[in-house]
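Read through the structure below, which is laid out as structure tokens, and then see the notes.
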Amino acid sequence: MATRRPTRRRPAPRRNPRRPGPRRRSSRSRRQRERDAQVTFAVVALAVAAVWALVSWLLVNWWVLIVLGALTLIGGAGWAHRLQQQRAWARVRQQALRYGLPELDALHHRDFEYAIRDLMLRDGCADARQIGGAGDNGADVLATDPLGRSWVIQVKHRKDGDRGAAVGTPDLQRVNGTARQLYGADVVLVVTNGRFSTRCAPLAQQLHMHLADRRVLGAWASGNRPLWELLPRIPQPRSGR
């Protein structure tokens, strides 16, 4: 009679104590969602209760709304009055703006650009703005004068005034190549607190450009006449402007 071999039992797989089973994770996440929902409900309920309490209080104390409305109107009127005064004083300061040549010589190049912009503002170019910097395509100041002419101005500052290096024809050619094509300029101007080389004047005439050297700049900055009254052969406004 053959002996029966005992069957081997496979050991039960070991469960990783660090890794919770799927049922435990699902139960824990469900409880977390329930707690989050309870907290959200409590916050919403408190907010609704607070709003309701405030509305109820205001219905009883309606005069508070009248007082708050009156204070708002007074504050708004005061703010508008201060803003109007600031704008009026800004116009007065612009109209009284004057620069002497030594003052302009002492400026940094970028500040000199802003000074030219401010002088255009003084003369009534309400949209005058400084754009000089990287990628300016040769333009430092843009403005539209009261007659509707569009100005593109390149600014050249010399720390030593007319004793510094003269502005040369490459500077004229650079702004001329972009002023009309990119900016639609009616008047293309190069202004400096220094001087221009002898070749600049004939080239500017050929290119229908305008030059403002130290002498013209001094008369413009320290006087009360707009720049277009000091420059010769300024074009007439385009038809329809």
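Taken over region 101-111, the criterion of being surrounded by fewer than 16 Cβ atoms within 10 Å (Cβ to Cβ) and not aliphatic (A, V, I, L, M) is satisfied by 102, 103, 108, 109, 110, 111. When 237, 170 are checked against the criterion of being more than 24 Å from residue 108 (Cα to Cα) and open to solvent by 20 Å² or more (accessible area, probe 1.4 Å), a single residue qualifies: 237.
Looking across region 173-189, just one residue is touching a helix residue (DSSP H, G or I) at 6+ places or on another chain (Cβ under 6 Å) and closer than 22 Å to residue 218 by Cβ, and that is 188. Condition check: modelled with pLDDT of 75 or more and over 30 Å from residue 117 (Cβ atoms). Does residue 49 satisfy that? For residue 49, the condition - modelled with pLDDT of 75 or more and over 30 Å from residue 117 (Cβ atoms) - is met.
Where strands (runs of 3 or more DSSP E) sit wholly within region 133-241, those with at least 1 residues that are within 15 Å of residue 123 (Cα to Cα) occupy 141-144, 150-156. Please go through region 178-234 and pick out each residue that is within 32 Å of the chain's Cα centre (by Cα), of a type in the set (Ser, Thr, Tyr) and open to solvent by less than 50 Å² (accessible area, probe 1.4 Å). Result: 178, 192.
Of the residues making up region 127-137, those that are hydrophobic (A, V, I, L, M, F, W, C) and farther than 12 Å from residue 151 by Cα are 131, 134.
Pairing each residue of region 208-232 that is of a type in the set (Asp, Glu) with any residue that is buried (at least 18 other Cβ atoms within 10 Å of the Cβ) and not in a loop (DSSP other than H, G, I, E, B), provided the two are 6+ apart or on different chains, yields C-beta distances under 7 Å for 213/192; 213/196.
For (1) loosely packed, with under 10 Cβ neighbours inside 10 Å; (2) of a type in the set (Ser, Thr, Tyr); (3) in a helix (DSSP H, G or I); (4) modelled with pLDDT under 70, each residue gets a yes or a no:
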{"position": "2", "(1), (2), (3), (4)": "yes, no, no, yes"}
{"position": "9", "(1), (2), (3), (4)": "yes, no, no, yes"}
{"position": "26", "(1), (2), (3), (4)": "no, yes, yes, yes"}
{"position": "40", "(1), (2), (3), (4)": "no, yes, yes, no"}
{"position": "58", "(1), (2), (3), (4)": "no, no, yes, no"}
{"position": "64", "(1), (2), (3), (4)": "no, no, yes, no"}
{"position": "76", "(1), (2), (3), (4)": "no, no, yes, no"}
{"position": "83", "(1), (2), (3), (4)": "no, no, yes, yes"}
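Within region 149-162, residues that are closer than 30 Å to residue 236 by Cα reach partners that are among the β-branched types (Val, Ile, Thr) and in a helix (DSSP H, G or I) with beta carbons closer than 8 Å, at six or more positions or on different chains, in the pairs 152/175; 153/116; 154/175; 155/116.
Output the residues belonging to region 133-159 that are at pLDDT below 90 and surrounded by fewer than 20 Cβ atoms within 10 Å (Cβ to Cβ). Residues satisfying the conditions are 133, 134, 135, 136, 137. For residue 114, the conditions (1) in a helix (DSSP H, G or I); (2) out of contact with any strand residue (DSSP E or B) (no Cβ under 6 Å at 6 or more places or on another chain); (3) open to solvent by 40 Å² or more (accessible area, probe 1.4 Å) all hold with the exception of (2).
The values are calculated or read from the model by the stated rules, or taken from the named source; none is laboratory data. Fair warning: this is a prediction, and the values are worked out from it, not measured in the lab. When we count neighbours, we look across all protein chains shown, and the Cβ atoms used for this are built from the backbone with ideal geometry, even at glycine. Just so you know, the surface numbers come from the protein's heavy atoms only, side chains and all, with ligands and any DNA or RNA stripped out. Shrake-Rupley method; radii C 1.70, N 1.55, O 1.52, S 1.80 Å.
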